[in-house]
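Engineer: I am attaching a structure below and will ask some questions about it afterwards.
The values are calculated or read from the model by the stated rules, or taken from the named source; none is laboratory data. A quick note: this is a predicted structure, and the numbers were derived from the prediction, not measured. Ideal geometry is used to build each Cβ from the backbone, glycine not excepted, and the neighbour counts take in all protein chains shown. These accessible areas exclude ligands, DNA and RNA; they are computed on the full protein's heavy atoms, side chains included. Shrake-Rupley method; radii C 1.70, N 1.55, O 1.52, S 1.80 Å.
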Amino acid sequence: MVGDLPLGNDPQSIRRRIEAMEQVLERSFVIPGLGRPVGLDAIIGLVPVVGDIIAMGMGAYIVWEARNLKMPKWKLLRMAGNVVFDSAVGAVPVVGDVFDFMFRSNSRNLRIVRKHLDKHHPHTKVIDQ
C-alpha cells in the first residue's frame, strides 16, 4: 500500500496520501463481533501520553498535506481544531479512549479535503466501485 502512494505535489497525489493516512488512522481493521472499523488513532491512544502525542502528530500530517493544496486558512484551522479537540479529549483516561472510537477527526478532515478538491480540482475525484 505505502509503495503505491505517489510522491508528487499535485492535488491527486496529495489526495491519495491523505486518504491512505485516514484509512490507517481510522479504518485499518474491524473489531470482531462489533463490526466497527478502528485504526491506529484509537489503538495507540490507549498508551497514555505518548500514544496521544503520536496520534496527534499523524493527524497533523493530514492538515499539513491540506496546506500543500493551498486550502483556505479557515478550512485549515477547522481541520487543526478537529485534531486538537480529538487529542485533548482523547488524553482523558478511559473516557478519552472511548471517545477515540466515536469521534473520528481524521475522517472529518478527509471530508473537508475531499469537498475542497471536488470543487477546485474535480479531475482528482475517484469514483468508488
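Engineer: I'd like to verify a number: residues in the stretch 28-59 that are under 11 Å from the mean Cα position of the chain (by Cα) and hydrophobic (A, V, I, L, M, F, W, C), how many?
Structural biologist: Matching residues across the stretch 28-59 total 4.
Engineer: So, in the stretch 105-126, exactly how many residues are within 13 Å of the chain's Cα centre (by Cα) and of a type in the set (Val, Ile, Thr)?
Structural biologist: First pass over the stretch 105-126, keeping only residues within 13 Å of the chain's Cα centre (by Cα): 105-114.
So of that shortlist, the ones also of a type in the set (Val, Ile, Thr) come out as 112-113.
Number of matching residues: 2.
Engineer: Looking at the stretch 28-59, which of the residues that are part of a helix (DSSP H, G or I) and β-branched (Val, Ile, Thr) is least open to solvent (accessible area, probe 1.4 Å)?
Structural biologist: Ile44
So that you can scan it fast, the table gives a plain yes or no per residue for (1) under 14 Å from the mean Cα position of the chain (by Cα); (2) open to solvent by 40 Å² or more (accessible area, probe 1.4 Å); (3) farther than 15 Å from Glu26 by Cβ:
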site	(1), (2), (3)
Tyr61	yes, yes, no
Trp64	yes, yes, yes
Pro93	no, yes, yes
Phe103	yes, no, no
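Engineer: On to the next question. Is it the case that Asp100 is farther than 26 Å from Lys115 by Cα, of a type in the set (Asp, Glu) and in contact (Cβ under 8 Å) with a residue 24 or more places away in the chain?
Structural biologist: no
Engineer: Still on this structure, please answer the following. Of all residues in the stretch 70-91, which are open to solvent by less than 20 Å² (accessible area, probe 1.4 Å) and at pLDDT below 95?
Structural biologist: Asp86, Gly90
Engineer: Just wondering, is there one or more residues in the stretch 49-68 that are aromatic (Phe, Trp, Tyr), modelled with pLDDT under 90 and out of contact with any His (no Cβ under 6 Å at 6 or more places or on another chain)?
Structural biologist: no
Engineer: Report the residue count in the stretch 4-16 for those that are free of Cβ contacts under 8 Å to residues at least 40 places away in the same chain and open to solvent by 80 Å² or more (accessible area, probe 1.4 Å).
Structural biologist: Residues flagged as free of Cβ contacts under 8 Å to residues at least 40 places away in the same chain and open to solvent by 80 Å² or more (accessible area, probe 1.4 Å) within the stretch 4-16 amount to 3.
Engineer: For the list (1) within 24 Å of His123 (Cβ to Cβ); (2) surrounded by 19 or more Cβ atoms within 10 Å (Cβ to Cβ); (3) in contact (Cβ under 8 Å) with a residue 60 or more places away in the chain, I need the number of the one condition that Glu19 fails.
Structural biologist: The failed condition is (2).
Engineer: Restricting to the stretch 92-107, and then to whatever is touching a Lys or Arg at 6+ places or on another chain (Cβ under 9 Å) and part of a helix (DSSP H, G or I), can you tell me which residue is modelled with the lowest pLDDT?
Structural biologist: Here is the first cut: in the stretch 92-107, the ones touching a Lys or Arg at 6+ places or on another chain (Cβ under 9 Å) are 101, 104, 107.
If we keep only those that are part of a helix (DSSP H, G or I) too, we end up with 101, 107.
Details: Phe101: 81, Ser107: 96.
Here the residue is Phe101.
Engineer: Do you know which of the residues in the stretch 103-129 that are without any contact (Cβ under 8 Å) to a residue 24 or more places away in the chain and among the basic types (Lys, Arg) is nearest to Ser13 (Cα to Cα)?
Structural biologist: The residue in question is Lys125.
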